[in-house]
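Take a look at the structure set out below.
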Amino acid sequence: MQHAFITLVPKSNQQSVSIEDVKHLFHNYKTVTSKTGNQINYAYTNTAFPYEILDTSATTLKLQSSHDRYDSIYVGIGIEKEQSFIQVSLPTTATFGDKGKANEFSRFLAKKLEGELQLFNGRTMYFYKR
């Protein structure tokens, strides 16, 4: 499995995150992309977010797709050293499309929460004011 982490730092918008917060952010993403689709007269919503959100436990979500280019992405939350984090994981069955969407979703979540994002390739992006 490959993983990306979004860590909430002291300068983030909030210091903790729940699975409901993550769901709300995904619904926000769907709303934003559907508005973009309306502006360009294209049904962009299903292309931008080709997943169904499934609860797998109190701290994890599974984004499952029925499209042929996508399989699934796992999203979990946790706390380490008093800092909350969101973990985005790609199973071994993930496609290149899943990895692209996971990178896109990770950046979106990190930007909205003003956190620190460690990408799948190990590089770090900072979305908080420094």
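The values are calculated or read from the model by the stated rules, or taken from the named source; none is laboratory data. Nothing here was measured: the structure is a model prediction, and the numbers come from that model. Because the Cβ atoms are built from the backbone with ideal geometry, glycine has one as well, and the counts that use them run over all protein chains shown.
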Legend entry - Test result for Q14, closer than 30 Å to R130 by Cα and part of a loop (DSSP other than H, G, I, E, B): yes
Inset, instruction - May I ask you to say which residue of S66, S72, S89 is surrounded by fewer than 13 Cβ atoms within 10 Å (Cβ to Cβ), in contact with a strand residue (DSSP E or B) (Cβ under 8 Å, 6 or more places away or on another chain) and closer than 23 Å to P50 by Cα? - result: S66
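So that you can scan it fast, the table gives a plain yes or no per residue for (1) over 11 Å from the mean Cα position of the chain (by Cα); (2) assigned to a loop (DSSP other than H, G, I, E, B); (3) under 27 Å from H67 (Cα atoms); (4) at pLDDT 95 or above:
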| position | (1), (2), (3), (4) |
| --- | --- |
| I79 | yes, no, no, no |
| S84 | yes, no, no, no |
| Q87 | no, no, yes, yes |
| T93 | yes, yes, yes, no |
| G97 | yes, no, yes, no |
| K101 | no, no, yes, no |
| E104 | no, no, yes, no |
| G122 | yes, yes, no, no |
| R130 | yes, yes, no, no |
Inset, instruction - Please specify each residue of the stretch 46-73 satisfying the condition of being within 19 Å of T92 (Cβ to Cβ), over 12 Å from the mean Cα position of the chain (by Cα) and assigned to a loop (DSSP other than H, G, I, E, B). - result: T56, S65, H67, D68, R69, Y70, D71
Inset, instruction - Only residues in the stretch 16-27 that are without any contact (Cβ under 8 Å) to a residue 24 or more places away in the chain count as the first member; pair them with residues that are assigned to a helix (DSSP H, G or I) and surrounded by 14 or more Cβ atoms within 10 Å (Cβ to Cβ), Cβ under 9 angstrom, at least 6 apart or cross-chain, and list the lot. - result: D21/L113
Legend entry - Single residue of the stretch 92-130 satisfying the filter (small (G, A, S) and crowded, with 16+ Cβ neighbours inside 10 Å) that is nearest to S16 (Cα to Cα): G115
Inset, instruction - Residues being under 23 Å from F120 (Cα atoms) and over 14 Å from the mean Cα position of the chain (by Cα): count how many of those fall in the stretch 16-45. - result: 1
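Somewhere in the stretch 106-127, is a residue closer than 14 Å to P50 by Cα and acidic (D, E)?
Residues of the stretch 106-127 that are closer than 14 Å to P50 by Cα, as a first pass: none.
No, the stretch 106-127 has no match at all.
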